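A short worksheet on the structure shown next.
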Amino acid sequence: MSQEVIISTRAAEYRYKQGFALQPITLDLARSEICFIMGANGSGKSTLGRLLAGIYKPCSGSVTIDGEDSRKLSLSACGRKIGYLWQKPDLQLFAPTVWEDMTFLGEFVGGETPKVRQNAEYWLDQMGLLELKVQSVHLLSRGEKQRLALAGVLAAGSRYLILDEPTTGLDEARRGVLADILRLLHSDGIGISVISHDRELAEQLATRRLIIDKGGISDDIRPPR
């Protein structure tokens with residue numbers, strides 16, 4: 001498994017106008033890890049995830065993604081490097097139907113149509129959505145939207161994934177499918193960070209746990225495997 005570092009932060013801070021601040025964070029995330037980012041609600045987990053993905057730019061300090069300063073990367077450039085799953089799936093579902101949402105981006109950037117379609121069918125099947133391919137996205141349940149957003153992230157083929165509460169809306173069987181998929185991706189050299197309260201999933205998968213408290217990292221644990 002590659003030890004290649006994909007994301008590095010050096011004293012990176014992020015502040016909201018409302019006053020919450022992500023404390024200076026220095027951190028390296030490698031492709032060899034499945035890192036769980038855990039902590040209480042409001043501790044800064046999602047803020048950290050968006051900073052690591054390049055969605056938020058640091059107010060001070062630095063974040064580098066695959067060796068490039070995140071401030072100099074557009075959101076689309078960050079998205080090609082880091083696959084990000086939002087906690088609220090409506091933020092990343094935009095096409096009229098399930099099928100169009102899965103295939104639009106790949107075809108837009110010039111992907112080979114048969115390959116894009118094969119990839120879309122594979123991940124829709126994995127997420128139990130293949131029979132809903134012609135369904136309007138707006139008519140999907142909250143859980144179905146979550147699975148569609150996750151399928152889209154996985155289909156993009158990024159070298160690093162950041163997933164914000166990916167088990168929301170998944171039943172026990174789908175949670176098991178997700179765990180198997182993440183293991184497979186990890187074995188294929190994909191780096192993964194999971195923002196989650198799901199201690200059971202963390203017990204199954206985590207090679208590293210970052211505990212976030214009041215906007216800072218209070219503990220960095222590498223449990224024995």
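The values are calculated or read from the model by the stated rules, or taken from the named source; none is laboratory data. Everything numeric here is computed off the predicted structure, so don't read it as measured data. A quick note on method: Cβ atoms are made from the backbone with ideal geometry, for glycine too, and the neighbour counts reach across all protein chains shown. What goes into the accessible areas is simple: the full protein's heavy atoms, side chains included, and nothing from ligands, DNA or RNA. Shrake-Rupley method; radii C 1.70, N 1.55, O 1.52, S 1.80 Å.
Show the residue pairs that are 6+ apart or on different chains and have beta-carbon atoms under 7 Å apart, the first residue being within the stretch 54-77 and on the phi > 0 side of the Ramachandran plot, the second being assigned to a loop (DSSP other than H, G, I, E, B) and not charged (D, E, K, R).
Gly54/Leu73
Does Pro89 satisfy being touching a residue at least 24 places away in the same chain (Cβ under 8 Å), open to solvent by less than 60 Å² (accessible area, probe 1.4 Å) and within 20 Å of Ile195 (Cα to Cα)?
Numbers: touching a residue at least 24 places away in the same chain (Cβ under 8 Å): yes; open to solvent by less than 60 Å² (accessible area, probe 1.4 Å): yes; within 20 Å of Ile195 (Cα to Cα): yes.
Taking the combined requirement at face value, the residue satisfies it.
Quick check on my filter: what residues within the stretch 82-101 are part of a helix (DSSP H, G or I) and at pLDDT 90 or above?
Going through the stretch 82-101, the residues part of a helix (DSSP H, G or I) turn out to be 89-91, 98-101.
Within the stretch 82-101, Val98, Trp99, Glu100, Asp101 qualify.
With the requirement that a residue be among the polar types (S, T, N, Q) and part of a strand (DSSP E or B), what does the stretch 41-72 give you?
Passing the criteria: Ser60, Ser62, Thr64.
Taking interchain pairs and intrachain pairs at least six residues apart, which have beta carbon atoms under 6 angstrom, with the first residue in the stretch 198-225 and under 20 Å from Gly42 (Cα atoms) and the second among the charged types (D, E, K, R)?
Taking only residues 6 or more apart or on different chains, the pairs are Leu210/Asp220; Ile211/Asp219; Ile212/Lys45.
What residue, of Arg50, Arg71, Arg117, is at pLDDT 95 or above, out of contact with any Lys or Arg (no Cβ under 8 Å at 6 or more places or on another chain) and open to solvent by 20 Å² or more (accessible area, probe 1.4 Å)? Break it down stepwise before answering.
Numbers: Arg71 fails: out of contact with any Lys or Arg (no Cβ under 8 Å at 6 or more places or on another chain); Arg117 fails: at pLDDT 95 or above.
From the options Arg50, Arg71, Arg117, the qualifying one is Arg50.
Restricting attention to helices (runs of 4 or more DSSP H) lying wholly within the stretch 122-209, give those where 1 or more residues are modelled with pLDDT under 85 and open to solvent by 40 Å² or more (accessible area, probe 1.4 Å).
Those helices (runs of 4 or more DSSP H) span 142-155, 172-187.
Of (1) farther than 24 Å from Gly157 by Cβ; (2) over 13 Å from the mean Cα position of the chain (by Cα), Ser32 satisfies all except one. Which?
Checking Ser32 against (1) farther than 24 Å from Gly157 by Cβ; (2) over 13 Å from the mean Cα position of the chain (by Cα), the one that fails is (1).
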